Amino acid sequence: MGKFTAFKLPLKSLAPGKHTFQYHLDKQFFTNMESADIHDADLGVDLTADYNGHYYLLDFKITGEAVLICDRCLDDLRFPIDTGYRITVEYGEDYNDESDDVLQIPESDNYLNVAYMIYDTVALAIPIKHVHPLGKCNRQMSAMLKKHRATIDSEDADLEESLIDEMDALDDTTPDRGFTAPPADPRWDALKKLSGTNTDEPAE
């Protein structure tokens with residue numbers, strides 16, 4: 001039995017009308033998906049498949065709680081999920097998912113595995129930054145972070161002062177780099193004499 005066999009929707013065997021399916025998402029589901037953000041979950045999925053004889057309208061409703069890791073204190077962060085997704089599925093010559101609203105699958109497919117649709121729907125409901133509300137982080141970890149930041153700020157200030165001192169020292173010891181004309185090449189003087197030009201005499 002495959003990891004996501006339970007999420008195979010039997011499209012070809014559905015009679016016209018509305019059909020309901022329910023799924024439960026737990027830690028194993030997101031482990032199988034190799035999710036980097038969601039470490040555990042207790043999510044219920046209600047799927048309504050409305051078939052009119054030509055195409056299927058799939059309506060997903062997902063509610064519950066996902067467990068993330070707080071970016072600030074690294075403790076578990078329980079994040080409420082209440083989201084949904086709707087898509088139209090129809091049979092065609094080949095697989096085509098270029099549209100956001102319509103999915104076309106080959107006529108030879110009797111089933112549609114909805115596991116990845118469900119996962120993507122949950123993943124899009126998760127914010128990029130995972131942080132506890134103010135005052136809810138692990139106190140010991142928060143104190144350690146503050147101490148660490150204070151040390152870094154102090155080291156940065158010392159480094160900045162050291163760089164300024166080094167630059168001042170370079171200014172004091174660097175010789176004047178003003179422009180100095182290069183010495184005249186004696187070969188040019190010889191050429192000027194041959195041409196009858198004397199640059200030492202003032203022009204008339």
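The values are calculated or read from the model by the stated rules, or taken from the named source; none is laboratory data. As the structure is a computational prediction, the values presented were derived from the model and not from experiment. Reconstructed Cβ throughout: ideal geometry from the backbone, glycine too, with neighbour counts over all protein chains shown. These accessible areas exclude ligands, DNA and RNA; they are computed on the full protein's heavy atoms, side chains included. Shrake-Rupley method; radii C 1.70, N 1.55, O 1.52, S 1.80 Å.
Please count how many residues of segment 81-105 are part of a loop (DSSP other than H, G, I, E, B) and in contact with a Ser or Thr (Cβ under 8 Å, 6 or more places away or on another chain).
1
If you check Asn32, Asn52, which single one turns out to be polar (S, T, N, Q) and over 17 Å from Ala115 (Cβ atoms)?
Working: Asn32 fails: over 17 Å from Ala115 (Cβ atoms).
One residue alone meets the criteria, Asn52.
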Q) Name the residues in segment 96-116 that are hydrophobic (A, V, I, L, M, F, W, C) and open to solvent by less than 30 Å² (accessible area, probe 1.4 Å), would you? A) Leu103, Ile105, Leu112, Val114, Ala115
Q. Considering segment 1-60 alone, what residues qualify as being open to solvent by less than 20 Å² (accessible area, probe 1.4 Å), in a strand (DSSP E or B) and more than 17 Å from Leu103 (Cβ to Cβ)?
A. Leu25, Ala41, Leu43, Val45
Q. So which pairs qualify, if the first residue must be in segment 22-42 and closer than 15 Å to Thr5 by Cβ and without any contact (Cβ under 8 Å) to a residue 40 or more places away in the chain, the second must be loosely packed, with under 13 Cβ neighbours inside 10 Å and not small (Gly, Ala, Ser), the Cβ gap must be under 6 Å, and the two must be at least 6 apart or on different chains?
A. Asn32/Lys3
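Of the residues Arg78, Arg72, which is assigned to a loop (DSSP other than H, G, I, E, B), of a type in the set (Lys, Arg) and at pLDDT below 95?
Working: Arg78 fails: assigned to a loop (DSSP other than H, G, I, E, B).
Result: Arg72 is the single residue among Arg78, Arg72 that is assigned to a loop (DSSP other than H, G, I, E, B), of a type in the set (Lys, Arg) and at pLDDT below 95.
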Q: Give the residues of segment 61-95 that are surrounded by fewer than 14 Cβ atoms within 10 Å (Cβ to Cβ), within 20 Å of Asp109 (Cβ to Cβ), touching a residue at least 12 places away in the same chain (Cβ under 8 Å) and of a type outside the set (Asp, Glu), sorted by residue number.
A: Gly92
Q) Do we find a residue being of a type in the set (Ser, Thr, Tyr) and over 29 Å from the mean Cα position of the chain (by Cα) anywhere in segment 25-41? A) no
Q. Just a yes or no: is a residue in segment 86-95 over 22 Å from the mean Cα position of the chain (by Cα) and within 16 Å of Val45 (Cβ to Cβ)?
A. yes
